[in-house]
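> I'd like to ask some things about the structure below.
The values are calculated or read from the model by the stated rules, or taken from the named source; none is laboratory data. Note that the coordinates shown come from a computational prediction; the quantities given were computed from them, not determined experimentally. Note that each Cβ is placed from the backbone with ideal geometry, even for glycine, and that neighbours are counted across all protein chains shown. For accessibility, only protein heavy atoms count, side chains too; no ligands or nucleic acids. Shrake-Rupley method; radii C 1.70, N 1.55, O 1.52, S 1.80 Å.
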Amino acid sequence: MIANDDLLNGLRQIATQEASIPALRAALLLFGGFASFAWVRRRPFLALLALSMGGFLGLGYWLVQMAAPLGFETDPALTREWAQAGVNALAEPKGSGFVFGTEPETSLVAALASSGMPLHLVVLAPQMAALLAHALLILLPFGFLKSHTTAAFAACLALGGGIWPGHAPYGSMILLPSAVLIAGALLGMLVAPAQQRMVRRAFNRSRLGIAAGLIAAAVFERALQGGAEPGITAALLLSGTTIILASPLRAALRRVFSASARARRAEGLLLLCVFGGSGLLWWDPPASVAGFNAARDEHAALSRPMNWISRNVPTTSVVLASPAYSAPIAALAGRRVLFSPGAGAEEQASLPEPFRRARLLESTRLGQPLARLAEGFSVTHLFLGPGEASPPAAPEPGTADEPRLRLVLVYQDIKDFRVFRLAKK
Amino acid sequence: MPHIGLIVAEIRARSAKRAGAKFLPVLNLFGFNLDGMDVGWFLAMARLVFTALALLGAALVARGADDRRTGRIVLGIGAVGHSLAWFATMFPLPNVYGANGSMDRENHLGWANVVALGFSPLHTFQVKHLHFEPLWPLLTALASGFNVDRVEFVFQWAPLFIGLALLFSVRFAWIRGLDESEQTRTEAAFAALGALLLIAAPGDSSGPFRNPWALTFLLKPNHALGLVLVPLAALALARAHTWKTRLFAGFVLQLVGWAFVIHMGLFVAGLVVFVGLSWATKRSDRMKDLVDVGTAVGANLLIVSPYLAMLVVAYPFLEGHDALRLSPFSERPIEGPLRLGALFLLSAFGAWDTYRKESRLGRILASQWLGAHLVWQLFPFLGLLGQAREQDEAFYWCRFWTGLFAGVGLLRAALLVLARLRKNRDSNAARLGGAAAAMSLILLLPSLLPAWWDPGAMDQYFVAARKPLPDWIAEPTRFLRGHTPPDAVFAGDRNYARWIAAYGARRVLIASSLNFPNDHPRRMEIETALLRDGPRALIAEGRDRYSIQFVLATSDPMYQAPEITLDQLATRPYLERVYDRQFAAARVMIFKVRYEGDRP
């Protein structure tokens, strides 16, 4: 395990150096050139193998750089998903929201965590989705196209990113990993009917119309969504259209170039251009995928107190912390929190019993947590980050009618992260 | 830490703001209020409208429109697409596009401002500094009616008109210069559509040269003007057969040079390729090609020679520089051709097929495609010498020709395939052309810029220009416009100088955003004297030679005099404080220079 971590860290260090990007692109171009050559030499599966390997290399280069959950702390919706996944994996009781007293968030990563998958594997869901999407693009044409050579041609085009430059699905796939499952399931359902002769004939008759419809739908979807990367639907529709058009494209090249050798050369050149232009060769997720840069950061400073909480705070406990730390505590330490990650007052006010939550916080801030409220919310610890004032060491005596707890410092590190236990007086 | 009192107070404060608070409305340059505008929705609507119109156009041409009608529809899609993309980008901006983020754009605004004030178009806003691109400020000033307050509106509208002019220029040249065929007008329209809207791909925003459409048409419409003139220069050359017409071709070519000299250089490189190909293929008219090109280029150089001399005098452009070096392992060589993927292959086919058809204009244009890609391949070698300058312009030039021929290539490929498929069936040319045009439109649609253009996510200049100018720039420059004479020249903070010109419409002694004038040592001596209480003779020379009337400085240390503070400047006996304001980010002071003999 340690050896694997060292290897992974070593790869990350290499990949995060700017100078390695031209080397990656040169390697991918070599794969493209080799595949093109293999295609011209009538080795379609060798060509597909070369492009598949190139594709996995291109994807792997970027995916290995992701050390933290993608979108965590950069996208509010994804942040909540990761927070819920952390709590689902490590906290008790199961089936409750990561903010005490709220409903659980539903997402693929939360479901994976609930199913018992270890959290360190759950955080790899975006990477796994991108790799699965890549595999899907390689295998899919073989399920739909009769000729294996045409299927290989279609797969080569699709995994390069498709005929249209800048519409590859990888960016949107890592942001929405569940899409690969939905797309896989939908396409899986279509494979069986596609084998029937009647369906095949009907499809062939209206192939160009279907392709035109898919292009229009994809363009409308992208127009609606916007963004630097295409939405998942647009990207998958255009990948599908690429596969649908592969057969007429080969037929057209054979019509135009009377000699099959010339047609093959044209096909080889097309593969090289598509692979060299459409997707992975120029893919630059730090610039085009929101949150990618943040995901390169391991949150090293925060990981120490989070590990401590994960090891020392009971799984049924709720941690009292400012909203800024709610998501890290839930996602990285796997403990529920009292406040929502959003800093907005409306968001906190929309939680159940906002005044009681605020009162507990206020009494804790003054060094005298109200025992009744702490017990009611299952709060056992207070977490403070750098710059947040510690409660007074000798709090003023409170009113006698309300039983109070005291705060015991149980963790403090060089970055001034602190954890207090709420203990009986 | 959320405190219940704070939570309640914040909610109340927000409610109170909504109910009664009054804000100054933020207006765009069209005069519309931008408050509360949902920019994401607005941009999506522009894309959706274009997509719907393009599909409607495809449906119309698929019904068997003739060549003329198909050409008009395709050209209309191009015009509407460019207009929508321009409108979507410009409408949400309270400033000129490029303001707040692009030094280049602010320089241009400054140049145009000072020409609109009546100063020579041969000079930049650095007083008496010879200009790099004099035509554009002159045209802008003319369009504004020499009214400096209208210059920003000209800047706002120019990208729209230049883009539309490009469409019509490409179409005009194609129709007039290429041999008449059954699809000439449709081809011309696809060439124009491609040159304008296939110039960029969605992934460009993360590349080193960003989006060529935005950076050429929106940010630098003066460069795009060069692109408008290029097809006309090619047409003039294609028609040249007498000395008079050759000289005319040279005249049109030199217009390209005055618009943007780099485009002239690149176009001449393409003409060299044209002649080279003529000789390499042993054409019977190769001598004519050589004489025509030689005469036109010679005449062009003769006419444009004063400008070239100005360049040599005013700019140290032959000095190598480390920033202009490229690694021999750089991916630049493949970046030009391959970033457009299959569109590059289509453009290669289009260029080859156009060359093969023997029309002279076709051969010139196809040679430009080849020339552009050959020039691009020279950059790694230039990079070794530290001379890989203006890479972005060479890249956009490559994209221009690739886009132009990608449109043509796809149409011709579609025609070829459909003709072969229908060999034994209906061969009605109009229906064939209509079907090919519809097929090409649909296949090109995902790559046409207005269908995917999202400046909010893809364009840093759009994002920057959405924000208001910082108050410490906006207010002092407003003061300059209203309270200083139009012929005032400013010394002082060199970084602030471009804002003095761009937003204050006044000239400066030295600006860090421009190249140094060749007399910069003397300017620096005078500047030093002004800032450090130097010899009066030097200060007086500042008045006599450069007309310096004001000094502007901020609380940020000046590059050339970091130790001089605003308070020290205020004690200089010859500087009279006329403006002093402390902003959150900086303090800005403006001094009037009192020369000996001035009236108090």
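> Taking helices (runs of 4 or more DSSP H) that do not extend beyond the range B:455-516, which have at least 1 residues that are within 30 Å of B:Gly207 (Cα to Cα)? I'd like the intermediate steps shown before the answer.
On the way: elements: B:455-458, B:460-466, B:471-483, B:497-502.
By residue number, B:455-458, B:460-466, B:497-502.
> Still on this structure, I have one more. Find the residue count for the range A:60-78, including only residues that are under 11 Å from the mean Cα position of the chain (by Cα) and within 15 Å of A:Val122 (Cβ to Cβ).
7
> Still on this model: Do you know which residues across the range A:27-65 are within 18 Å of A:Ala294 (Cβ to Cβ) and either crowded, with 23+ Cβ neighbours inside 10 Å or among the acidic types (Asp, Glu) (or both)?
Within the range A:27-65, the first condition is being within 18 Å of A:Ala294 (Cβ to Cβ), and the residues that meet it are A:62-65.
The one that is within 18 Å of A:Ala294 (Cβ to Cβ) and either crowded, with 23+ Cβ neighbours inside 10 Å or among the acidic types (Asp, Glu) (or both): A:Trp62.
> Among all residue pairs at least 6 apart or on different chains, which show Cβ distances below 7 Å where the first residue, located in the range A:336-357, is facing chain B (nearest Cβ under 10 Å) and under 20 Å from A:Pro369 (Cα atoms) and the second is outside any helix (DSSP H, G or I) and at pLDDT below 80?
From the range A:336-357, the pairs are A:Phe339/B:Pro2; A:Gln348/B:Pro2.
> Quick check on the range A:152-167. Is at least one of its residues within 16 Å of the chain's Cα centre (by Cα) and not basic (Lys, Arg)? If you could, list the steps in order and put the result at the bottom.
Of the range A:152-167, the ones within 16 Å of the chain's Cα centre (by Cα) are none.
The answer is no; no qualifying residue exists.
> Name the one entry in B:Ala435, B:Ala464 that is over 27 Å from the mean Cα position of the chain (by Cα), closer than 26 Å to B:Leu196 by Cβ and either open to solvent by 10 Å² or more (accessible area, probe 1.4 Å) or not basic (Lys, Arg) (or both).
Working: B:Ala464 fails: over 27 Å from the mean Cα position of the chain (by Cα).
Matching residue, one of B:Ala435, B:Ala464: B:Ala435.
> Which condition number does B:Ala414 fail, the rest of (1) closer than 25 Å to A:Pro248 by Cα; (2) within 14 Å of chain A (Cβ to nearest Cβ); (3) surrounded by fewer than 21 Cβ atoms within 10 Å (Cβ to Cβ) being met?
(3)
> Could you tell me which residue of the range B:389-429 is modelled with the lowest pLDDT, considering only residues that are among the charged types (D, E, K, R) and assigned to a helix (DSSP H, G or I)? Let's see the steps before the verdict.
Pass one, the range B:389-429, residues among the charged types (D, E, K, R): B:389-390, B:392-393, B:399, B:412, B:420, B:422-423, B:425-426.
Now drop any that are not assigned to a helix (DSSP H, G or I), which leaves B:392-393, B:399, B:412, B:420.
Working: B:Asp392: 92, B:Glu393: 94, B:Arg399: 96, B:Arg412: 94, B:Arg420: 80.
Step by step, filter the range B:389-429, then rank; the result is B:Arg420.
> Return the only residue of B:Pro557, B:Pro517 being in contact with a His (Cβ under 8 Å, 6 or more places away or on another chain), of a type outside the set (A, V, I, L, M, F, W, C) and closer than 25 Å to B:Met103 by Cβ. Reasoning before the result, please.
On the way: B:Pro557 fails: in contact with a His (Cβ under 8 Å, 6 or more places away or on another chain).
On inspection, the qualifying residue turns out to be B:Pro517.
> If you don't mind, there's one more thing I want to ask. Just to check your reading of the model, which residue among A:Phe420, A:Phe355 is open to solvent by 80 Å² or more (accessible area, probe 1.4 Å), aromatic (Phe, Trp, Tyr) and not in a loop (DSSP other than H, G, I, E, B)?
Numbers: A:Phe420 fails: open to solvent by 80 Å² or more (accessible area, probe 1.4 Å).
Exactly one of A:Phe420, A:Phe355 is open to solvent by 80 Å² or more (accessible area, probe 1.4 Å), aromatic (Phe, Trp, Tyr) and not in a loop (DSSP other than H, G, I, E, B), namely A:Phe355.
> Further question: Quick one: B:Leu552 ticks every box in (1) farther than 30 Å from B:Arg150 by Cβ; (2) aliphatic (A, V, I, L, M); (3) not in a loop (DSSP other than H, G, I, E, B) except a single one, so which number is it?
If we test B:Leu552 against (1) farther than 30 Å from B:Arg150 by Cβ; (2) aliphatic (A, V, I, L, M); (3) not in a loop (DSSP other than H, G, I, E, B), just (1) comes out false.
> Could you tell me which of the residues B:Gly276, B:Gly265 is open to solvent by 30 Å² or more (accessible area, probe 1.4 Å) and closer than 25 Å to B:Leu311 by Cβ? Spell out the reasoning first.
Details: B:Gly276 fails: closer than 25 Å to B:Leu311 by Cβ.
Just a single option satisfies the conditions, and that option is B:Gly265.
> Looking at the range A:311-323, which of the residues that are closer than 17 Å to A:Phe420 by Cβ and assigned to a helix (DSSP H, G or I) is farthest from the other protein chains (Cβ to nearest Cβ)?
Residue satisfying both the conditions and the ranking: A:Arg311.
> Related question: Does B:Arg246 count as of a type in the set (Lys, Arg), free of Cβ contacts under 8 Å to residues at least 60 places away in the same chain and in contact with an Asp or Glu (Cβ under 8 Å, 6 or more places away or on another chain)?
Values: of a type in the set (Lys, Arg): yes; free of Cβ contacts under 8 Å to residues at least 60 places away in the same chain: yes; in contact with an Asp or Glu (Cβ under 8 Å, 6 or more places away or on another chain): yes.
When the stated conditions are applied, B:Arg246 passes them.
> Against the condition in a helix (DSSP H, G or I) and not basic (Lys, Arg), how does A:Ser340 come out, does it pass?
Values: in a helix (DSSP H, G or I): no; not basic (Lys, Arg): yes.
The answer is no for A:Ser340.
> Can you tell me which residue among B:Pro306, B:Pro328 is in a helix (DSSP H, G or I) and surrounded by fewer than 16 Cβ atoms within 10 Å (Cβ to Cβ)?
Numbers: B:Pro328 fails: in a helix (DSSP H, G or I).
None of the other options fit; the residue is B:Pro306.
> Among (1) out of contact with any helix residue (DSSP H, G or I) (no Cβ under 7 Å at 6 or more places or on another chain); (2) within 14 Å of another protein chain (Cβ to nearest Cβ); (3) among the basic types (Lys, Arg), there is one condition B:Arg431 misses while meeting the rest; what is its number?
(2)
> Kindly list the number of the only condition in (1) under 18 Å from the mean Cα position of the chain (by Cα); (2) under 17 Å from B:Leu410 (Cα atoms) that fails for B:Glu187.
(1)
> In addition: Return the residues of the range A:247-306 that are buried (at least 20 other Cβ atoms within 10 Å of the Cβ), at pLDDT below 85 and part of a helix (DSSP H, G or I); say none if nothing qualifies.
A:Gly277
> Quick check on B:Leu138: is it in contact with a His (Cβ under 7 Å, 6 or more places away or on another chain), of a type in the set (A, V, I, L, M, F, W, C), surrounded by fewer than 24 Cβ atoms within 10 Å (Cβ to Cβ) and not in a loop (DSSP other than H, G, I, E, B)? Spell out how you get there, then give the answer.
Working: in contact with a His (Cβ under 7 Å, 6 or more places away or on another chain): no; of a type in the set (A, V, I, L, M, F, W, C): yes; surrounded by fewer than 24 Cβ atoms within 10 Å (Cβ to Cβ): yes; not in a loop (DSSP other than H, G, I, E, B): yes.
So B:Leu138 fails the test.
> Next question. Could you list, ordered by first residue, the pairs with Cβ atoms under 7 Å in which the first is in the range A:230-248 and away from chain B (no Cβ under 12 Å) and the second is buried (at least 22 other Cβ atoms within 10 Å of the Cβ) and outside any helix (DSSP H, G or I), at least 6 apart or interchain?
A:Ile232/A:Pro169; A:Leu236/A:Pro169
> Right, something else. For the subset of the range A:165-220 comprising residues that are away from chain B (no Cβ under 14 Å) and not in a helix (DSSP H, G or I), which member is least open to solvent (accessible area, probe 1.4 Å)?
Per the criteria, the residue is A:Pro177.
> Looking at A:Phe153, is it of a type in the set (Phe, Trp, Tyr), within 14 Å of another protein chain (Cβ to nearest Cβ) and over 21 Å from B:Pro450 (Cα atoms)? Step through it out loud before you land on a result.
On the way: of a type in the set (Phe, Trp, Tyr): yes; within 14 Å of another protein chain (Cβ to nearest Cβ): yes; over 21 Å from B:Pro450 (Cα atoms): yes.
So A:Phe153 fits the description; yes.
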